[in-house]
Every structure is written in C-alpha cells, then in structure tokens.
Amino acid sequence: MTASKEQNSFSKGMKSRFVAEGIRQRISEEGWAVGAKLPTEPELAASFAVGLNTVRRAVGDLVDEGIVVRRQGSGTYVASLPPTPRRKLLGVLVPSTSYYYPRVIEGIERAATAAGAGVILASSENRLSLELEQTRRLIDNGVDGLVLVPNLNLADDPQAHVDALRRLPVPYVLVERRPPAPALDDPTSYVVTHHVGGVFAAVRHLVGLGHTRIGYLGRLRTGTAAVITEGYALATAALGVEAVPEAVVQHVEWTSEEIHDYAALCRQRRITAVFCHGDRDAAMLLGHARRLGMRVPQDLAVVAYDDDVAEFGDPALTAVAPPKAEIGALAAEFLLQRIAEGPDKPARRVELQPRLVIRASCGGAAADARERGRAGSARSATATA
C-alpha cells in the first residue's frame, strides 16, 4: 500500500470512529431506549457532515459491539445501551493550599468542571517525603492524570527528581516548575509564569520613574527564589541600575526586626526603591519605612512580586501579578488532552507573561494620573481654541 493510500485509510478509520462515538453519545445523552429507531443513514451523514460510506462503517462497528441492530427493509435500532463512561479524575498536588496556589487550583477546577472531570486535591506542605507519599495516594485513588508542583527547590538533584516522574503510571503536567537541566529530548509538559519577564518589567518601571539605586529584598529556598533573583540580576545589569551589594539581601524567612534593619539600611545607603520577592514582605517594609520617617513613595518606592495581598497595603502595592488561574486552567486542559489522546500526544511547554499592576507604592499611579490630567487639559484647551 502506498503512503497516500495508508493515509486515506487512516483518515477514513478516524472519521468512522468519530461518528460511532457520536452515535453512542446520542443514545446515552438523548435517552434513546432499547428498540428505538436511529435516524436514517443519509440523515446521520448530514448530521455528522460525512459521507454515507463513513456512516455505514460506523454503524457496522456498533453492530459488532451489539449496541445497534440492522433490520432488513426497516432500519437500524438500539439493541443495548452503551456503557456510561467513567468521569475522568485529575489529581492535583501543590506545595501549599494557603498561599500562591489557591487561584491556580481555582483555574484547574474550572477547566476540569467544564470538561466534566473531577479533581482530587493534595498538598505536600513543602516536604519532599510527603510529596512522594501524596503522589502515591492520588494514584491509589484512581486518578487518570496528575497536575504536579514538585518541590524541586528542596531536592538534592532537581533534574533527577523530574526524571523520576517518568516512571509514574499516569500522564502528568508540571505547573510553575520546569526541568532545570533537561536533555534535548526531555518529554516533560509544563505551564509556567515567565517570572524573569515579570521582574524585568518591574525594574524597568522603577527606572522609568527615575530610580537608579534599587534594592532587592528576596527569599531563599522557595520554588521561585532562584528565578526571581536571576530576573533581578539580569534587569539591573541591562537597565543600568547602580550596584549596591549590601542592599541585595535574601533570607529563608524575614522577621519583622530584619525588615526594620533593611529599611534602615535603605535610608542610610540612599536606596530610593526596593523590589521585594513577596507582597507580604513588601507590606511589612512599608510599615517599617514609615516608622523610620521615610515617605512612600517619595523617599522609598516599593514594588512586590506576587499580587496576593498587595492591594491591601498602605499604600496599595504595585505588584507583578502572575496569571495563576490561567496557568491552572491550561495545565488541566493539557492533561485532559493527554489522557484522551494517549502517550503519543506531543509534549507542550507554555510560558505566560505576568502583568505589572501599578498602584500607589511606587508613585507610578500618581504619575499616570497627572499625565492623564495634562492630556485632558490639553484636549480642553484645544477645544476652547
């Protein structure tokens, strides 16, 4: 058989299977009882926009399955009801259900519900041992696939940790994680935020407001600490920010006293803006800066990474907002496609750009308002003239 004939044969087979599945769904969803007569084959062909031969092959397959029966000179009738397909079940494992991931989970659940699938949620509580245990529990509960946020930041060999996932008996998609040192043929699918791009946008905004001495209040050992720090280093180097090494500080956890000392350092070293890894730390920095007599944003502009509680700061925090719900929804959709189409479904890697939400803590919101005011005055003057 030539390649073109093989392709045509494959296409015909796919079309007839599609029609057969469509007829099964109609029998189930439209409540056709045993003994009910199906539409005629020309009517089915028009309904599915296929040829008569495709419909005849599809009906023939259903006859072989015992779902329908042909009666000479009378038509085709339902012989037995097709089995009700089991609802797909997605396992979701996140490091925490209380910070960063609630909106990711919301996106996953929204996409799963739209597809008629269920979700089982588990948390590793930022512990490697519990991550493995929870993964096994999800599989034992019969999930058809996994949406995973592995604790790569805690693994001795993060790439080996990702490679080990290939032994899982179900398909998976990573969220906000990617293989750190993948082989060129790495098959891992993932959906992530372009964190470096978000940091770059924040630093560019501060530079555009006239800041050249920009500090960094960062975190250590979080899932995104390394990439956020990389983004800050790349942005400050590319945008000509003056290096002040003592104002670039990272901790695993920031205490109130440490943030107070950092604010005092900013005042001493004439740091006029700070980029903070988390919005909670940034909100604490605002309070300590004011207690030291610094005005925000006049003396110290602050921009946070993450927009979880940023709008509730005093003043409200300018923040980089990862598209969390969209990340979750895309991951669930990819996984459902992989479950439906099998292991031959190509791996997919998607990176979404976060938004920079301008608020009062950097002074940019006031500048934007003044610019809009000037534009409005100019339009009024032109109209008067």
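Some points to look at:
- Residues in the stretch 79-93 that are touching a strand residue (DSSP E or B) at 6+ places or on another chain (Cβ under 6 Å) and of a type in the set (A, V, I, L, M, F, W, C): A79, L89, L90, V92, L93.
- Matching residues, the stretch 320-347, being part of a loop (DSSP other than H, G, I, E, B) and in contact with an Asp or Glu (Cβ under 6 Å, 6 or more places away or on another chain): none
- Taking strands (runs of 3 or more DSSP E) as the structural unit, those lying wholly within the stretch 65-160 and holding at least 1 residues that are farther than 30 Å from I27 by Cβ and of a type in the set (A, V, I, L, M, F, W, C) correspond to 89-94, 118-123, 145-148.
- R24 assigned to a strand (DSSP E or B), of a type in the set (D, E, K, R) and either touching a helix residue (DSSP H, G or I) at 6+ places or on another chain (Cβ under 7 Å) or closer than 26 Å to G116 by Cα (or both): no
- Some residue of the stretch 164-180 being assigned to a helix (DSSP H, G or I), free of Cβ contacts under 8 Å to residues at least 60 places away in the same chain and open to solvent by 40 Å² or more (accessible area, probe 1.4 Å): yes
- Pairs with Cβ under 6 Å, 6+ apart, first in the stretch 241-255 and over 22 Å from T224 (Cβ atoms), second modelled with pLDDT of 95 or more and open to solvent by less than 50 Å² (accessible area, probe 1.4 Å): E242/R213; V244/R213
- Taken together, the residues in the stretch 294-304 that are in contact (Cβ under 8 Å) with a residue 24 or more places away in the chain and open to solvent by 10 Å² or more (accessible area, probe 1.4 Å) amount to 5.
- Selection status of V296, assigned to a loop (DSSP other than H, G, I, E, B) and in contact with a strand residue (DSSP E or B) (Cβ under 8 Å, 6 or more places away or on another chain): yes
- Residues (in contact (Cβ under 8 Å) with a residue 40 or more places away in the chain and under 18 Å from K37 (Cβ atoms)) located in the stretch 48-58: A58
- Complete set of residues in the stretch 133-151 that are at pLDDT below 95 and either of a type in the set (V, I, T) or closer than 18 Å to S96 by Cα (or both): none
- Some residue of the stretch 324-335 being surrounded by 21 or more Cβ atoms within 10 Å (Cβ to Cβ), over 30 Å from A111 (Cβ atoms) and out of contact with any Lys or Arg (no Cβ under 6 Å at 6 or more places or on another chain): no
- Criterion violated by E106 - all others in (1) open to solvent by 80 Å² or more (accessible area, probe 1.4 Å); (2) among the charged types (D, E, K, R); (3) over 21 Å from G223 (Cβ atoms); (4) in contact with a helix residue (DSSP H, G or I) (Cβ under 9 Å, 6 or more places away or on another chain) satisfied: (3)
- The stretch 80-101, subset modelled with pLDDT of 95 or more and out of contact with any Lys or Arg (no Cβ under 8 Å at 6 or more places or on another chain), residue surrounded by the fewest Cβ atoms within 10 Å (Cβ to Cβ): L89
- Which listed residue is at pLDDT below 95 and more than 16 Å from S361 (Cα to Cα), from A264, A238, A243: A243
- If the condition is being surrounded by 12 or more Cβ atoms within 10 Å (Cβ to Cβ), in a helix (DSSP H, G or I) and free of Cβ contacts under 8 Å to residues at least 24 places away in the same chain, then the stretch 35-45 contributes only A45.
- Spans of strands (runs of 3 or more DSSP E) in the stretch 196-283 with at least 2 residues closer than 21 Å to L317 by Cα, open to solvent by less than 20 Å² (accessible area, probe 1.4 Å) and touching an Asp or Glu at 6+ places or on another chain (Cβ under 9 Å): 214-219
- Any hit, the stretch 319-331, residues being closer than 20 Å to A201 by Cβ, in contact with a His (Cβ under 6 Å, 6 or more places away or on another chain) and touching a residue at least 12 places away in the same chain (Cβ under 8 Å): no
- Among the residues making up the stretch 113-146, those that are touching a residue at least 40 places away in the same chain (Cβ under 8 Å), in contact with a Lys or Arg (Cβ under 8 Å, 6 or more places away or on another chain) and crowded, with 19+ Cβ neighbours inside 10 Å are A117, D144, G145.
The values are calculated or read from the model by the stated rules, or taken from the named source; none is laboratory data. Quick caveat, the model's predicted, so the values are computed rather than measured. Backbone-built Cβ (ideal geometry, glycine too); neighbour counts: all protein chains shown. Just the protein is used for accessible areas: all its heavy atoms, side chains included, with ligands, DNA and RNA removed. Shrake-Rupley method; radii C 1.70, N 1.55, O 1.52, S 1.80 Å.
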